[in-house]
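A short write-up of the structure that comes next.
The values are calculated or read from the model by the stated rules, or taken from the named source; none is laboratory data. Because the structure is predicted, anything quoted here is derived from the model rather than measured. Here Cβ is always computed from backbone atoms with ideal geometry, including for glycine, and neighbour counts include all displayed protein chains. Ligands, DNA and RNA are stripped out before the accessible areas are found, and what is left, the full protein with its side chains, is counted by its heavy atoms. Shrake-Rupley method; radii C 1.70, N 1.55, O 1.52, S 1.80 Å.
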Amino acid sequence: MGMTMTQKILAKHAGLPSVRAGQLIQAKLDLVLGNDITTPVAVNEFEAAGFDKVFDKSKIALVMDHFAPNKDIKAAAQCKQCRAFARRFDIDNYFDVGEMGIEHALLPEKGLVAPGEAVIGADSHTCTYGALGAFSTGVGSTDMGAAMAAGETWFKVPSAIKVNLTGKLRPFVSGKDVILTLIGMIGVDGARYQSLEFAGPGVAELSIYDRLTISNMAIEAGAKNGIFPVDEVTKAYVEGRVNRPWTAYEADGDAEYERTVDIDLSRVDCTVAYPHLPENAHSAREGKDVRIDQIVIGSCTNGQLPDLEAAAAILKGKHLARDVRGIVIPATMSVYREAMRRGLTDIFLDAGCIVSTPTCGPCLGGYMGILAAGERCVSTTNRNFVGRMGHVDSEVYLASPAVAAASGVAGHIAHPEEL
């Protein structure tokens with residue numbers, strides 16, 4: 001029996017001719033990632049184990065993004081501990097205020113992830129890098145601490161679900177709508193500890209940023225990882241970013257899948273995930289009765305330049321509805337700079353929004369947009385669990401940048417075509 005893309009990458013990194021679903025393996029790693037919340041725990045475990053060196057200072061990335069700039073004394077102490085560790089071991093890829101970004105947007109932008117590589121991160125949305133044809137997945141901080149020393153970790157080889165994409169996207173529809181539609185179809189545990197392997201002619205219709213969004217939210221279906229084939233779109237993105245050899249892996253024709261899910265992109269509409277699970281998918285056209293208090297456009301899921309352009313196209317010449325707060329968060333400093341060059345920040349400010357430094361901030365209920373009891377937010381982030389963005393009696397509605405912007409103008413959940 002043949003292997004899936006993920007299984008081929010894991011076999012290569014385990015030094016094995018082949019692997020099978022359910023097999024336990026030890027695999028070498030190309031990158032170990034941590035942020036300002038998870039790295040301190042990993043550092044504590046690293047030191048408790050008596051480690052005194054890292055496996056490769058160029059293959060560890062520490063990104064201060066969740067609470068940076070520091071929101072309080074505890075956040076400041078966490079970042080200080082990360083800085084001290086980075087200095088102690090001369091970590092090449094340490095990113096802090098002024099030179100940072102949201103980790104899962106920053107690492108691809110910097111060329112730190114390439115097709116065919118194996119990456120772990122102490123953050124559940126590390127699965128983002130499957131958009132580049134890499135195997136990447138989230139782990140706990142203890143595993144991160146050990147991996148920083150050993151350069152390898154263990155995996156149970158996942159089985160896979162093939163997601164067969166056909167057709168072309170309709171106007172205003174993006175990768176966010178595709179992944180919310182998929183999660184609505186299979187549920188938040190529909191791919192539990194499996195690979196979501198995307199295939200079919202519809203893949204070519206998705207930009208690299210659509211794919212990053214889709215792979216990012218594979219975890220919201222319970223998946224171990226999400227992965228896309230390496231094609232011309234992938235190659236165009238990594239060219240000029242990645243300065244080392246890389247390998248593209250293809251699934252075998254006789255690879256085994258648990259099942260196949262078919263999605264016709266031409267039938268996907270602007271989609272909103274209602275509280276309190278990403279699987280609670282509805283058409284944006286159903287939201288006229290859902291009044292909102294806030295919109296958030298940004299995060300590792302939807303803070304890229306095309307995301308900001310999509311929102312700005314809706315907001316240009318318009319203003320947010322009365323009593324709606326708008327928060328725009330570019331994913332990286334380079335995205336922020338380009339948004340300024342293109343006049344996007346002026347459009348946001350004229351519409352009544354604020355533009356923040358790159359940060360995870362409100363996505364995890366950290367800061368920069370916390371909700372009070374009874375408040376509702378349409379957000380381009382990736383989770384809408386109870387209390388995710390603030391009070392347990394607040395509500396988060398997940399949507400694309402276009403839908404978030406349209407909803408901000410309308411004062412209720414709205415499809416962009418309705419404006």
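Report the antiparallel proportion of the DSSP beta bridges in the chain as a percent, rounded to a multiple of 5.
The answer is about 20 percent antiparallel.
Rounded to the nearest whole Å², what accessible area per residue is found for the chain with the 1.4 Å probe?
For the chain, the per-residue accessible area is 38 Å².
Per DSSP H run of n ≥ 4, the term is -39500 (n - 2.57); total these for the chain, divide by its residue number, and report the mean residue ellipticity at 222 nm rounded to 500 deg cm²/dmol.
Rounded to the nearest 500, it is -8500 deg cm²/dmol.
Can you give the relative contact order of segment 149-230 as a percent, counting alpha carbon pairs under 8 Å and 6+ residues apart?
38 percent
Can you classify the chain as rounded, prolate or oblate using the Cα gyration tensor, where a ≥ b ≥ c are the square roots of its eigenvalues, rounded means a/c under 1.5, and otherwise it's prolate if a/b beats b/c and oblate if not?
Oblate, since a/c reaches 1.5 and b/c is not below a/b.
Using a 1.4 Å probe over the heavy atoms of the protein chains, calculate the carbon and sulfur portion of the accessible area of the chain as a whole percent.
That fraction is 49 percent.
Normalising by the residue count of segment 206-338, find the relative contact order in percent from Cα pairs under 8 Å and 6+ residues apart.
Relative contact order of segment 206-338: 21 percent.
I need the phi-derived Karplus couplings for segment 199-216: 6.51 cos²θ - 1.76 cosθ + 1.60, θ = phi - 60°, integer Hz, Gly and Pro marked x.
Rounded to whole hertz, the list is 8, x, x, x, 4, 5, 7, 9, 5, 4, 6, 4, 5, 4, 5, 5, 5, 3.
What distance in nm separates the two pseudo spin-label positions at residue 370 and residue 189, each 7 Å out from Cα along the beta-carbon direction?
3.2 nm
Please turn the phi angles of segment 394-401 into ³J(HN,Hα) values with the Karplus equation 6.51 cos²θ - 1.76 cosθ + 1.60 (θ = phi - 60°), one per residue in order, whole Hz, x for glycine and proline.
8, 9, 10, 10, 7, 7, 7, x
When the Cα centres of segment 287-361 and segment 203-219 are compared, how far apart do they sit, in Å?
20 Å
With only Lys, Arg, Asp and Glu charged, each at its Cβ (+1 for the first two, -1 for the last two), find how big the charge dipole of segment 67-119 is about the Cα centre; round to the nearest 20 debye.
Once rounded to the nearest 20, the dipole reads 340 debye.
For segment 99-237, report the convex hull volume of the alpha-carbon atoms normalised per residue, in Å³, without decimals.
115 Å³
Work out from phi, with θ = phi - 60° and the Karplus expression 6.51 cos²θ - 1.76 cosθ + 1.60, the ³J(HN,Hα) of each residue of segment 403-419, listed in order in whole Hz, and give x for Gly and Pro.
Residue by residue, segment 403-419 yields 5, 4, 5, 4, 5, x, 6, 6, x, 8, 4, 9, 7, x, 5, 7, 7 Hz.
Find how much the distance from residue 341 to residue 52 grows on full extension, using 0.36 nm per residue of separation minus their present alpha carbon separation; answer in nm with one decimal.
Length gained between residue 341 and residue 52: 99.5 nm.
Sum up the charges of everything whose Cβ sits under 15 Å from the Cβ of residue 318, counting Lys and Arg as +1 and Asp and Glu as -1, but leave residue 318 out.
-2
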